[in-house]
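Inspection log for the structure reproduced underneath, given as structure tokens.
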Amino acid sequence: MSRTVFINGRFYQQPTSGQQRYGREVVRQIDAELAQRGSPARWILLTPPGTEQVALQHIEQRSVGPLSGHAWDQVTFYRHARGGSALNLNGSGPVLHRRQVVVIHDAAVYRHPEHFSRAYGLAHRTLGRLLARSARIATVSRFSQRELAKVFGVFPDAIVLAPNGGDHLTAEGDPSIVASLGLSDTPYFLILGNLTRNKNVAVAVRALGLLGEGRVKVVAVGSLNAALFGDAGLPVSRDLLMPGRLSDLEVVGLMQQARALIFPSIYEGFGIPPLEAMTNACPVLASSIPAVEEVCGDAAAYFDPHDEAGLARLMIQAVEDTPWRDRMAMAGSKRVTHFRWAVPARALMDACEALC
């Protein structure tokens, strides 16, 4: 048996949202860990043709074809990785591989199928169940451990815990984005993530309606892909800005001047945006759901994700109470120190090396 770990790098061809961020940061940190502690295995990143060259020192990168998308996972990646063990970081992997670790970030397609298109939900539910029969599953929170254990019929401790980190958006932001969006003289709040029904941007729009038109703005950064996720069902508001995807530096620039990040999700397996906000001294207003409370602890102000009046009250406090906002930012700065990308990298390296 080859002592080689092949990393599935198909996510490098996808726009960077939460799961792609996870993949990129974990690979970067594994590369750093190889420099520090070494490994009994050889590590190779396999990517589809046309993928960018990743800046790595100790992980070899190979571009292999043909095919793309899920077909690349099931045929091309499997063919090139079957001689060793495999690491799949974004919920997908070749169902025929018998020595692989697959990170499934949450159980959303099982718990809330209404948030996804019928084809997307069916495909991912089927794939997840097949992978659970043959692969070592990993996930990102205790909550997702329990959820996936129920779905797959296994003990929670059989699922590797490899949580997200928060130490990636640390560069100086681009403050010009604030003026370019017309927000220089207007208090605003920030929402990050793909604009799906699960992300529940609608509750923030309803809260805006309670505050009165023109009082504050909400900037929702992310894309709306109706083909995958269906219509996000957003109410209309002149105070909601949707600039699409922005660069990391632009996001940091917005965080550094926002009154707070709003994280209103109905269901999450983890939730990286609150940690990103905490890294940049931006207070967090978050929905009171288990995974988010697990991540944020006492460093966020919580509201019921269906209660726009509760969110509106917190938004008023974030606008008017500067000492409170400073205390929340300080609590977040302390909380985020508990989440480093070295933790999932080491956990996943151990799991993969055990398979070798």
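Normalising the average separation of contacting C-alpha pairs (under 8 angstrom, six or more residues apart) by the number of residues puts the relative contact order of the range 255-343 at 31 percent. A Förster radius of 30 Å, combined with the Cβ-Cβ distance separating H58 from R142, puts the computed FRET efficiency at roughly 0.45. Computed over the range 205-356, the convex hull of the alpha-carbon atoms projects to a mean area of 10.8 nm².
Annotation: aspartates and glutamates with alpha-carbon distance below 15 angstrom to K199 (same-chain offsets under eight excluded): D106, E114, D231, E268, D304, D307, E308. Here each label is just a point 7 Å from Cα along the line to Cβ, and for D157 and R245 those points are 4.1 nm apart. Over all other residues within a Cβ to Cβ distance under 11 Å of E147, the charged ones net out to +2, with Lys and Arg as +1 and Asp and Glu as -1.
If you count, for each residue, the other Cβ atoms within 10 Å and average over each peptide, how do 52-58, 94-100 line up from highest to lowest?
Those peptides, ordered most packed to least, come out 94-100, 52-58.
Contact order for the chain, expressed relative to its length and based on alpha carbon pairs under 8 Å spaced 6+ residues apart, stands at 19 percent.
Report the antiparallel proportion of the DSSP beta bridges in the chain as a percent, rounded to a multiple of 5. Approximately 0 percent, going by the DSSP bridge assignments.
Within the accessible area of the range 48-177, what % is carbon and sulfur when the probe is 1.4 Å and the other protein chains stay in place? Heavy-atom surface of the range 48-177 belonging to carbon and sulfur, 1.4 Å probe: 53 percent. Ranked by solvent-accessible area (1.4 Å probe, protein heavy atoms only, all chains present), the residues E353, E172 order from largest to smallest as E172, E353.
Average accessible surface for the chain: 42 Å² per residue, computed with a 1.4 Å probe over protein heavy atoms with every protein chain in place.
Report summary: the helix-based calculation at 222 nm, which adds -39500 (n - 2.57) for every DSSP H run with n ≥ 4 and divides by the residues of the chain, gives -11500 deg cm²/dmol. Within the assembled protein chains, the solvent-accessible surface assigned to W324 is about 30 Å², based on a 1.4 Å probe.
Taking amide H as placed 1.01 Å from N in the peptide plane, F303 has its amide H under 5 Å from the amide H of A286, S287, S288, each at least 5 places away in sequence or on another chain. Within straight-line reach of K217, meaning a Cα separation under 13 Å, sit the following aspartates and glutamates at least 8 residues removed in sequence or on another chain: D185, D239.
Using the Cβ-Cβ distance between A171 and R129 with R0 set to 45 Å, the FRET efficiency works out to roughly 0.65.
Extension gain for Q256-R37 works out to 75.3 nm (0.36 nm per residue, less the C-alpha to C-alpha distance).
Computed from Cα atoms, the angle from the helix 142-152 axis to the main principal axis of the chain rounds to 60 degrees. Rg then Dmax, both in Å and based on the Cα atoms of the range 1-102: 12.6, 36.
When peptides 134-141, 263-270 are sorted by average Cβ neighbour count within 10 Å, with the highest value leading, the order is 263-270, 134-141.
Between the amide H of A138 and those of V102, V103, I104, V160, distances stay under 5 Å, these residues lying 5 or more places away or on another chain, with hydrogens modeled in the peptide plane.
Averaging Cα coordinates gives a centre for the range 139-155 and one for the range 46-84; these two points are 28 Å apart.
The values are calculated or read from the model by the stated rules, or taken from the named source; none is laboratory data. Predicted, not measured: the structure shown is a model, and the values here were computed from it. Don't worry about glycine lacking a Cβ; one is built from the backbone with ideal geometry, like all the others, and counts go over all protein chains shown. Note: accessible area is taken over every heavy atom of the protein model, side chains too, but ligands, DNA and RNA are not part of it. Shrake-Rupley method; radii C 1.70, N 1.55, O 1.52, S 1.80 Å.
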